[in-house]
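Written out below as structure tokens is the structure these notes cover.
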Number of protein chains: 2
Amino acid sequence: MSLALIGTRMNVSPKRLIDPGPSPEQLEAMFSSAAAAPDHGQLTPWRFMIVPPAKRGLLAEVFALALIDRDPGATLVQIEAAREKAYRAPMLMLAVARLVSDQEPEIPNVERIVSLGCAMQNLLLTAHAMGFGSGLTSGQAMCSERMRGLFRLGADEHAVCFVNIGTVTKIKPPRVRPTADQFVTSL
Amino acid sequence: MSLALIGTRMNVSPKRLIDPGPSPEQLEAMFSSAAAAPDHGQLTPWRFMIVPPAKRGLLAEVFALALIDRDPGATLVQIEAAREKAYRAPMLMLAVARLVSDQEPEIPNVERIVSLGCAMQNLLLTAHAMGFGSGLTSGQAMCSERMRGLFRLGADEHAVCFVNIGTVTKIKPPRVRPTADQFVTSL
């Protein structure tokens with residue numbers, strides 16, 4: 001593996017992700033990479049739900065109504081901006097974590113969410129290796145009951161973020177990354 | 001990047017990780033990869049603490065005493081087994097997540113822990129690319145006050161797991177990974 005690939009992968013805003021998105025074969029390879037994530041107890045405590053083009057309108061409505069739920073005084077411009085976010089990036093999927101429940105008490109939540117992070121990074125690196133850009137998006141709508149209802153999340157599931165993938169229109173300069181002395185110490 | 005590298009990385013038990021471990025330069029490259037993780041809000045909400053050989057004894061004591069705290073009837077054999085875990089793998093480090101606090105209310109915990117997962121996967125893939133094996137370990141001692149005290153964790157910090165890195169003595173057959181149809185659906 002070219003280690004430069006890990007170092008050059010950066011977040012791309014969905015606004016700058018356009019067609020073409022990944023082919024079904026490319027997408028399959030991304031999910032195959034995700035499946036190689038560390039997974040204590042082999043629970044696969046996460047899943048991805050794709051929002052295909054024909055269903056973007058449903059998500060747009062959830063984004064708009066979740067905004068109005070939070071802020072009944074939202075302006076039409078704000079509501080339209082919320083709606084518009086559902087139409088960005090040719091490939092859009094929701095990343096969902098399955099948390100501890102009575103039915104599945106093993107393995108604490110932090111380890112489940114770390115496993116999801118590992119799966120996502122494998123997926124993002126694979127997309128990057130194929131020449132695609134990707135970005136993660138979230139926001140207050142993630143916790144709304146409307147979002148949970150649209151994706152029919154189980155009581156033990158948590159909507160973590162959206163994964164956006166596509167062709168990059170405009171590359172921005174990379175951001176400065178922390179250096180090891182900022183996050184590594186020795187006992 | 002050879003995508004096969006992502007697919008072939010697997011967990012190796014610390015029992016099967018021996019010298020040599022990574023050189024300082026190799027370790028630096030691993031941390032540089034970790035630094036490329038997605039990080040909403042650029043908080044670097046995680047850190048790693050290396051346990052050098054000279055300090056393994058302190059960790060062994062914490063493992064043993066944390067066991068006795070949980071189970072005052074632990075046998076000497078069990079206590080010795082707990083102690084012994086501190087001496088495995090030439091490179092041993094604790095992965096720590098920094099959670100939401102009054103001082104840092106932005107970005108929910110799931111996104112912080114996902115960022116740590118991404119950082120860890122970048123680090124593990126880099127170790128794998130260099131020919132090292134790696135494994136993640138955790139257990140009930142992670143939450144003990146003795147562990148928190150040894151690593152001087154802040155009130156907002158959570159000890160997630162240990163990262164073990166070294167040379168693999170014996171390769172085991174890879175485990176069966178989930179297939180995409182088991183964790184991907186479409187809206």
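The values are calculated or read from the model by the stated rules, or taken from the named source; none is laboratory data. This is a predicted model, so every value here is computed, not measured. Because the Cβ atoms are built from the backbone with ideal geometry, glycine has one as well, and the counts that use them run over all protein chains shown.
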Among (1) in contact with a Leu (Cβ under 9 Å, 6 or more places away or on another chain); (2) among the acidic types (D, E); (3) at pLDDT 95 or above, A:E145 falls short only on (1)
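Please determine whether any residue of segment B:31-46 is in a helix (DSSP H, G or I), among the charged types (D, E, K, R) and either modelled with pLDDT of 95 or more or surrounded by 15 or more Cβ atoms within 10 Å (Cβ to Cβ) (or both). Before the answer, list the steps.
To start, the set of residues in segment B:31-46 that are in a helix (DSSP H, G or I) comprises B:31-34.
If we keep only those that are among the charged types (D, E, K, R) as well, we get none.
No: segment B:31-46 contains no residue that is in a helix (DSSP H, G or I), among the charged types (D, E, K, R) and either modelled with pLDDT of 95 or more or surrounded by 15 or more Cβ atoms within 10 Å (Cβ to Cβ) (or both).
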**Request:** Kindly indicate whether B:L65 is surrounded by 14 or more Cβ atoms within 10 Å (Cβ to Cβ), over 30 Å from A:M120 (Cα atoms), touching a residue at least 40 places away in the same chain (Cβ under 8 Å) and out of contact with any Leu (no Cβ under 9 Å at 6 or more places or on another chain).
**Result:** yes
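Only one of A:G57, A:G73 is of a type in the set (G, A, S), without any contact (Cβ under 8 Å) to a residue 40 or more places away in the chain and outside any helix (DSSP H, G or I). Can you tell me which?
Working: A:G57 fails: outside any helix (DSSP H, G or I).
None of the other options fit; the residue is A:G73.
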Margin query: Regarding segment B:146-162, can at least one residue be identified that is more than 7 Å from every other protein chain (Cβ to nearest Cβ), crowded, with 23+ Cβ neighbours inside 10 Å, touching a residue at least 40 places away in the same chain (Cβ under 8 Å) and among the small types (G, A, S)?
Written below: no
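In segment B:95-132, which residue that is among the small types (G, A, S) and under 15 Å from B:H158 (Cα atoms) is surrounded by the most Cβ atoms within 10 Å (Cβ to Cβ)?
Kept after step one, since they are among the small types (G, A, S), are these residues of segment B:95-132: B:95, B:97, B:101, B:115, B:117, B:119, B:127, B:129, B:131.
Restricting the remaining residues to those that are under 15 Å from B:H158 (Cα atoms) gives B:95, B:97, B:101, B:115, B:117.
Details: B:A95: 24, B:A97: 23, B:S101: 11, B:S115: 29, B:G117: 31.
The extreme case among them is B:G117.
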Condition set buried (at least 17 other Cβ atoms within 10 Å of the Cβ) and within 16 Å of the chain's Cα centre (by Cα), scope segment B:47-62, selection farthest from the other protein chains (Cβ to nearest Cβ): answer is B:R56
Worksheet item: Can you find even one residue in segment B:129-140 that is over 20 Å from B:P52 (Cβ atoms), within 8 Å of another protein chain (Cβ to nearest Cβ) and assigned to a helix (DSSP H, G or I)?
Response: yes
